[in-house]
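Encoded as structure tokens, the structure appears first; notes follow it.
Rule-based calculations on the coordinates, nothing more; no lab input. Model, not experiment: these values are computed from the prediction. Note that we place each Cβ from the backbone using ideal geometry, even for glycine, and neighbour counts take in every protein chain shown.
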Amino acid sequence: MISTYLGAENITLSQAQKDAFRATMSAIGPLAHPSTAELMHWRSRLDGDAVIMRSQFNDSDLTVNGLRQLLASALGVTIDKITATQASVTYATLASTLITMSNASAPCMRFILFGGGRASVQQSNDEALAYLKLNAGAWGDG
């Protein structure tokens with residue numbers, strides 16, 4: 001298990017697909033935990049097409065294949081229909097992993113593993129906060 005921040009940005013999902021994605025992602029965090037900070041928390045961007053999640057995740061869910069499977073489940077397709085490309089960007093001091101997912105070759109979702117997905121929760125938080133600062137207007141912080 002890892003406690004971290006994860007971003008997700010809709011590229012082309014319909015409202016029904018976004019709703020299915022949110023339901024799928026809500027189910028992966030712990031249902032109960034002695035520390036409420038470890039439960040799934042969400043912050044949505046003003047346009048509703050991006051979210052930052054904070055939770056305790058299974059390590060396998062935060063791999064490229066784990067994220068592909070979660071998206072495939074939400075879209076009701078097999079995992080072989082979802083492809084992924086990776087890049088990295090540094091918002092504060094650590095590289096964050098950007099994973100762009102495509103369904104039938106059409107980009108549909110971008111994930112951001114703040115701090116690369118293996119940073120401490122504080123380092124991941126620092127990267128998420130730097131991302132929010134860079135995109136303050138879209139998130140209602142400007």
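Which FRET efficiency value, to the nearest 0.05, is calculated for Met1 and Ala136 with the Förster distance at 41 angstrom and r the Cβ-Cβ distance? After rounding to 0.05, the efficiency reads 0.85.
Put simply, the convex hull of the Cα atoms in segment 2-136 casts, on average, a shadow of 7.6 nm². The modelled label-to-label distance for the pair Ala87/Ser60, using points 7 Å beyond Cα in the direction of Cβ, is 3.1 nm. Most tightly packed first, judged by the mean number of other beta-carbon atoms within 10 Å of their residues, the peptides 59-67, 121-129 read 121-129, 59-67. Under a model in which nothing but the beta-carbon of Lys, Arg (+1) and Asp, Glu (-1) is charged, the chain shows a dipole of about 100 debye around its Cα centre.
Full extension of the chain between Val77 and Thr24 yields a length gain of 17.7 nm, computed as 0.36 nm times the residue separation minus the alpha carbon distance. Think of the chain as a dipole: +1 on every Lys or Arg Cβ, -1 on every Asp or Glu Cβ, centred on the Cα centre; then among His33, Ala95, Gly66, Gly66 lies furthest on the positive end. Screening the chain for DSSP H helices whose Cα atoms reach 18 Å or more along their own axis and whose mean Kyte hydropathy is at least -0.5 gives 121-134.
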